[in-house]
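**Student:** Can you keep this structure in mind? I'll have questions shortly.
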Amino acid sequence: MPRKRYTPEDIIQHLRTVEIETGKGLAVLDACRKLGITEQTYYRWKKEYGGLRVDQAKRLKALEQENLRLKRIVADQAVDLSILKEVASGNC
């Protein structure tokens, strides 16, 4: 069975649904089963997205992507700098 990728909006909606169901007296495991997710997934999502609004979750994902892009740039520059230092020292 292929894995489904949930958007941050879907995740926040599922977290709210589980909170509502547990407020009605349903166990977390049963509420998760109702949504078709595992209890482990629920707790992982809760750790990452717990307390966030939809717009904050979108901003978080955008910042994570920007951070990844900047890390790649820094890594590329470090390689270039290393090559230039090696050439300048005459070790070729």
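The values are calculated or read from the model by the stated rules, or taken from the named source; none is laboratory data. All of these numbers come straight from a predicted model, not from anything done at the bench. We place every Cβ from the backbone using ideal geometry, glycine too, and count neighbours over all the protein chains shown.
**Student:** On the basis of being more than 16 Å from Arg5 (Cα to Cα) and either modelled with pLDDT under 95 or over 20 Å from the mean Cα position of the chain (by Cα) (or both), does Gly25 make the cut?
**Tutor:** When the stated conditions are applied, Gly25 passes them.
**Student:** Okay, next question. Does Asp80 count as at pLDDT 90 or above and either surrounded by 10 or more Cβ atoms within 10 Å (Cβ to Cβ) or over 28 Å from the mean Cα position of the chain (by Cα) (or both)?
**Tutor:** Taking the combined requirement at face value, the residue satisfies it.
**Student:** Return yes when Arg16 is under 13 Å from the mean Cα position of the chain (by Cα) and at pLDDT 85 or above and no when it is not. Quick ask: steps written out before the conclusion?
**Tutor:** On the way: under 13 Å from the mean Cα position of the chain (by Cα): no; at pLDDT 85 or above: yes.
Answer is no for this residue.
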